[in-house]
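Structure first, then comments.
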Amino acid sequence: MAAPKKGRRQSGQARPGRALALILIAMVALTGGMFLSGHTTPRLGIDLAGGTSITLQAKAEPGKESAINKTNMNTAVGIIDRRVNGLGVSEAEVKTQGDENIIVNIPKGTDEAQAREQVGTTAQLYFRPVVTLTQGVPIPDPSASPSETPKADDKDAKADDKDAKEDEKDGKDEASDPSASPSATQTPQGRAVTDALKADDDPSPSADESDKPKDSESDKSKDSESGKPKDSETPDPETKALQDKFAALDCTKPDERAKAAQGTKPTDTIVACGKNSADQWEKYILGPAEVEGTDVKEADGVLDSERGIWKVTMDFTGKGSKKFAAITSKLSQQQAPQNQFAIVLDNEVVSAPSVNTTLSKTAEITGSFTQESAQNLANILSYGALPLSFEEANVLTISPSLGGEQLKAGLIAGVIGLILVIAYLVFYYRALAIVAIASLALMGGLTYVIMALMGPAVGFALSLPAVCGAIVAIGITADSFIVYFERIRDEVRGGRSIRPAIERAWPAARRTILVSDVVSFLAAVVLFFAAVGTVQGFAFVLGLTTLLDVVVVFGLTKPLTTLLARRKFFYNGHPLSGLDPKRLGVTPPIRGRGRAAAPSAEPKEA
């Protein structure tokens, strides 16, 4: 039989260089992404960084326990999360625990009393009339940069002077004309801010008095034309402050939105922000609240089969129907945007529909709704109407020094365990322990880098149970290469040389490793969804490290073992290689001795 040509790859033998290059590229890319993101350390959980942990328990009135359901709890989580972020907390964690509890973890650096007040109260939902609205960016001051339109020629200038004189001359005639139109400045969004505020001073005028504002505005116009200053030219300090606040507000900045909502009352005229159907920020001046969220009996997002559009329907209580009929009667007689009412949740406008007619017990909101947006708005309206409140079941203040000490103790235990594992591997596998140490190092590096990247990406926080999960990963990785090494040794004990033994041992070892990792991963998934609280952190890290173990075994352990087997030190079975046949109990064949002659079948003669 002809010997195989030198340099020819044996059947079934992998390409270790390619696998090692891929794992190296992946490690460099992840590490580079970590440094580019600026987050070079994992985000610490509240038990390590310190802070306040608040447990809220939902309560419902007798006979209305069905109000505590998954949909309303998730809506509450979103509201509380927005409230906490409004305090300037960017790393707070708000999540449900069980069917009735919400856990709010607020890291250190936050006013605990203010945070407890914000997260422990029921959502505030109001219906407010819109006074004016514009784009959600600061309004430039026209007096700061006056613009003068140059005259085209002297003829036009003279004509303008002539018109001005005629207007001045006709001023007295217009002052005595009862049909003179109001002189309120028009804007793309409606009346000027000052005039809009003054026109809405009376929160609920009757329909019979609808002509009085016109007479008032006419009188002001007469005063202006006769040279007397109008009241709107010298607004009171409170109105002037509101105008300045509205002009300077930038709704694209979360801190300014939160600041604008501080200290507001239902009876106040407020400045608020909201997004339109194009997902763009708009800012509003809103009148005092006319209807409260508790006046809504039920709301639902439904499909209008006749028009083929999604809409939100609302049913009001008896008291709420009267109040809603009064405000819609008033708004239906106004021009845009004063014919709109804003649905305000925690001082943020979630919708601002127009009113075309007087509404009473039931109402519907139509617009460019999708199924999801219609149902979300219905949930907000329903949640504001539910008799659902929260009470503090538990409040814990965690010191960062305590968490730091526990982390330090956990890391020391992990380092001691890692040293003992490496010492045993060196003693038992000799030089073959190089593969084991390299696998453990890669496992640790990948785990650290991915944890650092997942902090800003998905909000992952490293807690003490998560650290325990990372330490358990040492045993998972050690089990994998021990299974492979023992398969190789079994092949050597069977009489095979080193290089064929490495390749023949891989398929059986691979199946065992995959089965073991699948079982560990399934256990982590079940634990993650079945557990609550910080135990989920342990389950998450356990599942993550189990997946990384598969990557390390296929990307480093097997290829590196194949490369080492090509070295003379290993394929000759050096006593320190860890693959010495004599040490493994293999009896070498007896050399220099021929086979024993087979006995002859013929009988010997005497």
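Checking Gln280 against (1) within 30 Å of the chain's Cα centre (by Cα); (2) buried (at least 20 other Cβ atoms within 10 Å of the Cβ); (3) at pLDDT 85 or above: exactly one of these is not met. Which one? It is condition (2) that Gln280 fails. For the stretch 448-472, the candidate set comprises residues that are over 20 Å from Asp47 (Cβ atoms) and touching a Leu at 6+ places or on another chain (Cβ under 9 Å); within that set, the residue that is surrounded by the most Cβ atoms within 10 Å (Cβ to Cβ) is Val449.
Of the residues making up the stretch 349-375, those that are assigned to a strand (DSSP E or B) and out of contact with any strand residue (DSSP E or B) (no Cβ under 6 Å at 6 or more places or on another chain) number 0. For Pro62, the test of being outside the structural domain of Lys558 (by TED's automatic domain parsing) and either under 24 Å from Lys259 (Cα atoms) or modelled with pLDDT of 85 or more (or both) is failed. In the stretch 556-581, the qualifying residues are those that are of a type in the set (Lys, Arg) and within 14 Å of Glu503 (Cα to Cα), and the one that is surrounded by the fewest Cβ atoms within 10 Å (Cβ to Cβ) is Arg566. Candidates Thr294, Thr264: the one that is in a loop (DSSP other than H, G, I, E, B), of a type in the set (S, T, N, Q) and at pLDDT below 80 is Thr264.
For Ala272, the conditions (1) surrounded by fewer than 19 Cβ atoms within 10 Å (Cβ to Cβ); (2) closer than 14 Å to Ala352 by Cα all hold with the exception of (1). What about Thr362, is it more than 30 Å from Thr252 (Cβ to Cβ) and modelled with pLDDT under 85? Against the criterion (more than 30 Å from Thr252 (Cβ to Cβ) and modelled with pLDDT under 85), Thr362 qualifies.
Condition check ((1) surrounded by fewer than 16 Cβ atoms within 10 Å (Cβ to Cβ); (2) of a type outside the set (Asp, Glu)) across all residues:
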residue: Leu286; (1), (2): no, yes
residue: Glu292; (1), (2): no, no
residue: Ser305; (1), (2): yes, yes
residue: Thr313; (1), (2): no, yes
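For Val492, state whether it is under 45 Å from the mean Cα position of the chain (by Cα), part of a helix (DSSP H, G or I), on the phi < 0 side of the Ramachandran plot and not assigned by TED's automatic domain parsing to the domain that holds Glu93. Step through it out loud before you land on a result.
On the way: under 45 Å from the mean Cα position of the chain (by Cα): no; part of a helix (DSSP H, G or I): yes; on the phi < 0 side of the Ramachandran plot: yes; not assigned by TED's automatic domain parsing to the domain that holds Glu93: yes.
The answer is no for Val492.
Would you be able to say whether some residue in the stretch 509-532 is assigned to a helix (DSSP H, G or I), in contact (Cβ under 8 Å) with a residue 60 or more places away in the chain and either buried (at least 16 other Cβ atoms within 10 Å of the Cβ) or on the phi < 0 side of the Ramachandran plot (or both)?
Initially, the stretch 509-532 is screened for residues assigned to a helix (DSSP H, G or I), giving 509-530.
Subset that is in contact (Cβ under 8 Å) with a residue 60 or more places away in the chain: none.
No, the stretch 509-532 contains no residue that is assigned to a helix (DSSP H, G or I), in contact (Cβ under 8 Å) with a residue 60 or more places away in the chain and either buried (at least 16 other Cβ atoms within 10 Å of the Cβ) or on the phi < 0 side of the Ramachandran plot (or both).
Could you please let me know if Tyr429 is surrounded by 14 or more Cβ atoms within 10 Å (Cβ to Cβ) and modelled with pLDDT under 75? Answer is no for this residue. Please enumerate the residues belonging to the stretch 546-563 that are under 35 Å from the mean Cα position of the chain (by Cα) and within 13 Å of Phe481 (Cβ to Cβ). Those that are under 35 Å from the mean Cα position of the chain (by Cα) and within 13 Å of Phe481 (Cβ to Cβ): Asp549, Val550, Val552, Val553, Phe554, Gly555, Leu556. Looking across the stretch 432-447, the residues that are in contact (Cβ under 8 Å) with a residue 12 or more places away in the chain and surrounded by fewer than 18 Cβ atoms within 10 Å (Cβ to Cβ) come down to Ile434, Ile437, Ala438, Gly445. Quick one: would you say Ile103 is of a type in the set (Val, Ile, Thr) and at pLDDT below 80? Spelling it out, it is not the case that Ile103 is of a type in the set (Val, Ile, Thr) and at pLDDT below 80.
Check Ala539, Ala565, Ala523, Ala531 and return the single one that is touching a Lys or Arg at 6+ places or on another chain (Cβ under 6 Å), at pLDDT below 95, assigned by TED's automatic domain parsing to the domain that holds Val483 and not hydroxyl-bearing (Ser, Thr, Tyr). Step through it out loud before you land on a result.
On the way: Ala539 fails: touching a Lys or Arg at 6+ places or on another chain (Cβ under 6 Å); Ala523 fails: touching a Lys or Arg at 6+ places or on another chain (Cβ under 6 Å); Ala531 fails: touching a Lys or Arg at 6+ places or on another chain (Cβ under 6 Å).
Unique residue meeting the criteria: Ala565.
The values are calculated or read from the model by the stated rules, or taken from the named source; none is laboratory data. Note that the coordinates shown come from a computational prediction; the quantities given were computed from them, not determined experimentally. Here the Cβ is made from the backbone with ideal geometry for all residues, glycine too, and neighbour counts use every protein chain on show.
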